[in-house]
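Working notes for the structure below.
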Amino acid sequence: MPIQLFDSLERKLKPLVPSQADGVYRFYNCGPTVYAPAHIGNFRTFVVNDVIRRLLELEFPGRVKHVRNLTDVDDRTIGQTQKEKRPLAEITKKWTDIFHADCDALNCLRPHSEPTATGYIKEQVNMIEVLMEKGNAYRAADGSVYFKVSSFDGYGGLSRIKERELRVTNTVADSDHKDSVSDFALWKAYKPAEDGDVKWPGPRGASEGRPGWHIECSAMSKALLGDTIDLHTGGVDLLFPHHENEIAQSQCCNGTKFSNHWYHSEHLLVDGTTMSKSKGNYYTLGDLTAKGYSAMAVRYALLMGHPRKQLNFTLDSLHAAESALSRIRLHAERLLVDAGLSESSWPQFVSPKSEQDSSGDEFSDVLKCIRDDLNTPAALGALFSALSSIATGGQKIDLKTRRLRQFGAILFALGLDVFSSAPPKADIPAAITALAEKRWAAKQAKDWAAADTLRKELTAAGWNMLDGKDGYKLEPVKK
């Protein structure tokens, strides 16, 4: 079945398909504002976007172009430069590096392009000039430029702002020099006391200054993906006004549809409430790893709820995630041993480039759940059901490696690097592993006498075999 995602604009499930003749799937998601560390609420959105990217890589191998921007100039980044008395580039590089390290720890694929707002000032200015020429934007008395919302009939289509009776009036806001309070800034005139040395030459007829937040994404998307993209994603907090404004300025400038599909993930709650430093429930990835949790457990916990529903994150959910990852890792180890392979062989199976063979696929229900509007909690449930039904031994090697490819494809789609989160373990001799597999097979066959004898052999050799519901693990006998 094709990948289907809910479209926030059309309010229905739609398949993800490339719209242009070259067959390339064009995907844009809003990135972070790099003035402080991203928190786990932010990372829920980035992890969800990463699952979308991974599904697309499996569906259209070699034909995906993913762009995620970095907002490195806005009120917050400039405010941080004023607070720390350091250059803008220095502040944003620091937090960009930390964001990248967090993404890597969470096993998020890097986007194919990661433009910065400051790197695309010319493109933003060009778009603003086109909008001014078309009558969709105007220069205010202070030299700023605003988008004229009343010039775009489709405004509010994404957020249903008119249906929610949030229509604003055409009251003049003298303090902002705007014709209407609904109009939004495309270009902000330079204010020395607020902006420090952050400024660029403005559009024709406007003052020097800096771009507004909304135009940044439109310009970078246009420059790197073209006038029309296949999918635009982000958190639900960006739906209005950011994404609504992107649609208005992009479609007025380019004269064509901006995005064929819009997808938004829901908010994250922590301990049943909104996250706040004053409540003591505000977590960054660094906060959680400092408590001893693995980054992979955080990723798993963020996938335990449906992305379009609020997820309640707790420290208990991290304990459950660590346990689940241990069980998955145990199955991976068993399947590798059954195929006569070592852990070093695992990466070749967890890759979109490995040949995917769906015949006799014991994991097909898992992928079906993920493809169905990213139903990750159902997918995780289906994964454990599939793993519990698998019996090792008694198959040809080619069937065993096919099963590994199918299992690997699922873990690639979910982005679960089960071995990176494994605690340090002692090297287990091949003879001990073979003995353990023999005992496990005897236990599965309910040959209790043989299983007991083999356990004693393992103990005599210095190893304890700890049985679990879905497998076993080996530990050195403590002396």
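The values are calculated or read from the model by the stated rules, or taken from the named source; none is laboratory data. On a predicted model such as this, the values are computed, not experimentally measured, just so you know. Note that we place each Cβ from the backbone using ideal geometry, even for glycine, and neighbour counts take in every protein chain shown. We work out accessible area using only protein heavy atoms, side chains counted, and drop any ligands, DNA or RNA first. Shrake-Rupley method; radii C 1.70, N 1.55, O 1.52, S 1.80 Å.
Quick notes on this one:
Each row is one residue, and each column tells you yes or no for (1) open to solvent by less than 60 Å² (accessible area, probe 1.4 Å); (2) aromatic (Phe, Trp, Tyr); (3) assigned to a strand (DSSP E or B).
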{"residue": "PHE6", "(1), (2), (3)": "yes, yes, yes"}
{"residue": "LEU9", "(1), (2), (3)": "yes, no, no"}
{"residue": "LEU13", "(1), (2), (3)": "no, no, yes"}
{"residue": "GLN20", "(1), (2), (3)": "no, no, no"}
{"residue": "GLY23", "(1), (2), (3)": "yes, no, no"}
{"residue": "TYR28", "(1), (2), (3)": "yes, yes, yes"}
{"residue": "GLY31", "(1), (2), (3)": "yes, no, no"}
{"residue": "ALA36", "(1), (2), (3)": "yes, no, no"}
{"residue": "GLY41", "(1), (2), (3)": "yes, no, no"}
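- Listed conditions (1) modelled with pLDDT of 95 or more; (2) closer than 26 Å to LEU231 by Cβ; (3) not charged (D, E, K, R) are all met by TRP95, apart from (2).
- Sole exception among (1) closer than 17 Å to ALA38 by Cα; (2) within 21 Å of the chain's Cα centre (by Cα) for PRO307, by number: (1)
- Neighbours by Cβ (under 7 Å, 6+ apart or cross-chain): first from segment 323-339, of a type in the set (Val, Ile, Thr); second buried (at least 20 other Cβ atoms within 10 Å of the Cβ) and in a loop (DSSP other than H, G, I, E, B): ILE328/LEU416; ILE328/VAL418
- Out of GLY143, GLY119, GLY79, sole residue that is open to solvent by 10 Å² or more (accessible area, probe 1.4 Å), in contact (Cβ under 8 Å) with a residue 12 or more places away in the chain and not β-branched (Val, Ile, Thr): GLY79
- For segment 413-433, the condition holds for at least one residue, the condition being that it is assigned to a helix (DSSP H, G or I) and either modelled with pLDDT of 95 or more or on the phi > 0 side of the Ramachandran plot (or both).
- Any hit, segment 244-261, residues being in contact with a Phe, Trp or Tyr (Cβ under 9 Å, 6 or more places away or on another chain), over 19 Å from ASP7 (Cβ atoms) and open to solvent by 50 Å² or more (accessible area, probe 1.4 Å): no
- Exclusive hit being buried (at least 19 other Cβ atoms within 10 Å of the Cβ), charged (D, E, K, R) and touching a Gly at 6+ places or on another chain (Cβ under 6 Å), set ARG329, ARG299, ARG334: ARG334
- For segment 369-389, residues that are assigned to a loop (DSSP other than H, G, I, E, B) and crowded, with 16+ Cβ neighbours inside 10 Å total 3.
- Condition met for TYR293 (in a loop (DSSP other than H, G, I, E, B), among the aromatic types (Phe, Trp, Tyr), buried (at least 18 other Cβ atoms within 10 Å of the Cβ) and in contact (Cβ under 8 Å) with a residue 12 or more places away in the chain): yes
- Per-region count, segment 203-214, residues outside any strand (DSSP E or B) and closer than 24 Å to ILE247 by Cβ: 5
- Candidate set from segment 58-74 (those that are touching a helix residue (DSSP H, G or I) at 6+ places or on another chain (Cβ under 8 Å) and not in a loop (DSSP other than H, G, I, E, B)); member that is modelled with the lowest pLDDT: LEU58
- ASP237 part of a helix (DSSP H, G or I), closer than 14 Å to THR314 by Cα, at pLDDT 95 or above and open to solvent by 10 Å² or more (accessible area, probe 1.4 Å): no
- Qualifying residue in segment 454-470 (condition: touching a helix residue (DSSP H, G or I) at 6+ places or on another chain (Cβ under 7 Å), at pLDDT below 85, open to solvent by less than 70 Å² (accessible area, probe 1.4 Å) and aliphatic (A, V, I, L, M)): no
- Members of segment 435-453 that are surrounded by 12 or more Cβ atoms within 10 Å (Cβ to Cβ) and not in a helix (DSSP H, G or I): ALA445, ASP447
- Screening PHE313 against (1) closer than 19 Å to VAL366 by Cβ; (2) crowded, with 20+ Cβ neighbours inside 10 Å leaves a single unmet condition, (1).
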